[in-house]
Amino acid sequence: MELLENHWQAAVNRPADVSSAVDRVLIIAYRKKRKESQRQFWARFGVTQSRGSRFESGAEIPAPVSILLGLYFSKTVNDGDLGKAGRVMSGEARELINLDQ
């Protein structure tokens with residue numbers, strides 16, 4: 001896990017256009033070390049299993065997801081923070097649906 005923390009700290013100084021192939025390898029290693037399925041791991045970032053699988057296979061990770069991953073691996077946000085944000089977003093979506101009725 002320390003390797004991931006160091007990697008994400010170093011990523012702050014890395015140009016944005018550099019390939020994140022190493023990131024993908026480390027994400028997969030982290031997920032497998034925690035014995036999490038793709039569905040479990042990627043759900044905390046608001047990503048479906050199929051989309052997470054594409055990221056792990058080499059698809060470009062969008063900036064918002066990459067930022068969340070960086071914050072997560074640098075321990076700036078944790079599972080609780082991500083869960084709370086998901087609940088808030090879900091509540092906002094419900095309010096928007098109710099406004100339209």
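The values are calculated or read from the model by the stated rules, or taken from the named source; none is laboratory data. All values reported here derive from a predicted model rather than from experimental measurement. Cβ atoms come from the backbone with ideal geometry, glycine included; neighbour counts cover every protein chain shown. Protein only, heavy atoms only, side chains kept; ligands, DNA and RNA dropped before computing areas. Shrake-Rupley method; radii C 1.70, N 1.55, O 1.52, S 1.80 Å.
Projecting the Cα atoms of Leu69, Ala29, Phe55 onto the charge dipole of the range 24-90 (Cβ charges, centred on the Cα centre) puts Ala29 farthest toward the positive pole. Measuring nothing but protein heavy atoms, the accessible surface of the range 24-90 at 1.4 Å probe radius is 56 percent carbon and sulfur. Averaged per residue, the range 24-90 has 60 square angstrom of accessible surface, using a 1.4 angstrom probe with ligands and nucleic acids left out.
By how many nm would the segment from Lys33 to Arg54 grow when fully extended, if each residue of separation counts as 0.36 nm and the alpha-carbon distance is taken off? Could the numbers behind the result be given before it?
Working: separation 21, 0.36 × 21 = 7.56 nm, distance 1.96 nm.
Extra length available between Lys33 and Arg54 comes to 5.6 nm.
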